[in-house]
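Data block below; observations after.
Any read-out appearing in this document is the output of simple, stated calculations on the displayed coordinates, not a laboratory observation. Only a predicted model underlies this, so the values are computations on that prediction, with no experimental measurement involved. In this analysis, Cβ positions are derived from the backbone assuming ideal geometry, glycine residues included, and neighbour counts consider all displayed protein chains.
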Amino acid sequence: MDFELNKTQLLQRELFRKFAEEEVKPLAKEMDEAEELNPELIEKMKKLGFFGIPFGREYGGEGQDYISYALCMEEISKADASSGVTISVHTSLYCGGVNEFGTEEQKQAFLRPCVDGTSVGCFGLTEPGAGSDAAGVQTKAKKEGDHYVINGSKIFTTNGGFADYTLLFALTNPELGTKGMSAFVVPLHAEGVDISANIERCGIRAASNVVIAYENVVVPEFNRIGKEGEGFKIAMTCLNGGRIGIAAQAVGIAQGAIDETIKYVKERKQFGKPIAAFQNTQFQLAEMQTKVDAARLLVWRAAATKNAHGNYISQAAMAKMFASDVACQVTRECVQLMGGYGYCREYPVERMYRDAKITEIYEGTSEVMKIVVSGGMKLK
Ligand SMILES: Cc1cc2nc3c(=O)[nH]c(=O)nc-3n(C[C@H](O)[C@H](O)[C@H](O)COP(=O)(O)OP(=O)(O)OC[C@H]3O[C@@H](n4cnc5c(N)ncnc54)[C@H](O)[C@@H]3O)c2cc1C
């Protein structure tokens, strides 16, 4: 068993870390307050290939593995979780689905522009009435000749405000429930697509998150990914992979909070000495770092299993469940260690505390992760 990163992964981590430190971190506070990502930052990340890490070079991707992708997610999210989720939804949920289930022609049409840095993708599964229970999707795609007509509405679509394509899930045969769900690539500039303003949120405020209504949107049959009726399976496969990215995001947020707190406790003096000298501070930080290291190993295990085409479903769910819990605990305790200053917007741990919470909710709540993990334990 090898716990070390290989040479390529180490070089990749250095690149992500340097970029995050120099380009992302200085913008994080301003983007959170503006509730918008800096468009130039997105362009720089696209140019450096951050939007195509685990995809083949034949499609314009970087040809790297899922460990490298997890490293990118950790390092970028350490500086700014909003930038992290932007990459994650695009990579795991949109590109991951097209890459795994698209035909060669579809990959050239819908994957290539998204991994070569031209376009951005998003993922439309959740609806007002269908969250954890994705089987409750009501959006419909009616076949008419050589095309489909889509009607319905999707909520909480990350990247939806500026993405070019969505991987959308709709019922092609409503009688069959999940077996009647199909997946479509829908260009977001198509006639009948209506995109709302950003949904106001507690954290990851700079990320784009919108409601998208589809009214008589016509897409050619070519845009259907997989067979009719395979949509639910495709959605679940995308989410299983996506959980590795979100778990890595949670590790990044937690590590970022620890790093900021260490700087602070060495400087801040009370009772005549730096608060880092108190055993409580040292023990708390020791416990936090141990939990973050454990979470990171769970992420790497799931990513390594995915690289090896093994069954990573439970491992990804465990990683997300554990890492998101760690991120919430660690950021809360970091705020506490920094006292009143930790609670102020001047210091980044305040933002990290707000950002951490969503990792327990999106791409399957922690309760849903427990359903997935216990389901793999053959208890019944
Ligand atoms: C910021 C943000 C970004 C998002 N991005 C996307 C995106 O890009 N694309 C997309 O499709 N969706 C996206 N989502 C949706 C997200 O995946 C859902 O919010 C999430 O799956 C939970 O669904 P829900 O909010 O409807 O909560 P609900 O399903 O209503 O859950 C409410 C509570 O009930 C619990 N619960 C539900 N069912 C069970 C059960 N069987 N057993 C035990 N407890 C249960 C849940 O764990 C939770 O605590 C995003 C959401 C947010 C907030």
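Figures for the structure shown
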read-out	value
Boolean, LEU93 is touching a strand residue (DSSP E or B) at 6+ places or on another chain (Cβ under 7 Å), surrounded by 24 or more Cβ atoms within 10 Å (Cβ to Cβ), at negative phi and not charged (D, E, K, R)	yes
Breaking point among (1) within 13 Å of the ligand (Cβ to nearest atom); (2) buried (at least 23 other Cβ atoms within 10 Å of the Cβ); (3) at negative phi, for ASP133	(2)
Helices (runs of 4 or more DSSP H) lying entirely in the stretch 273-374 (those with 2 or more residues that are acidic (Asp, Glu) and within 15 Å of GLY256 (Cβ to Cβ))	348-356
The stretch 136-161, residues that are in contact with a Pro (Cβ under 8 Å, 6 or more places away or on another chain), within 16 Å of VAL210 (Cα to Cα) and away from the ligand (no atom under 11 Å from the Cβ)	SER153
The stretch 190-230, subset among the hydrophobic types (A, V, I, L, M, F, W, C) and more than 16 Å from the ligand (Cβ to nearest atom), residue surrounded by the most Cβ atoms within 10 Å (Cβ to Cβ)	VAL217
Residue list for the stretch 119-146, filter: closer than 20 Å to ASN159 by Cα and either without any contact (Cβ under 8 Å) to a residue 24 or more places away in the chain or among the acidic types (Asp, Glu) (or both)	GLU127, ALA130, GLY131
Of the criteria (1) away from the ligand (no atom under 16 Å from the Cβ); (2) among the charged types (D, E, K, R); (3) touching a residue at least 60 places away in the same chain (Cβ under 8 Å), which one GLU346 fails	(3)
Matching residues, the stretch 163-173, being outside any strand (DSSP E or B) and touching a Leu at 6+ places or on another chain (Cβ under 7 Å)	ALA163, ASP164
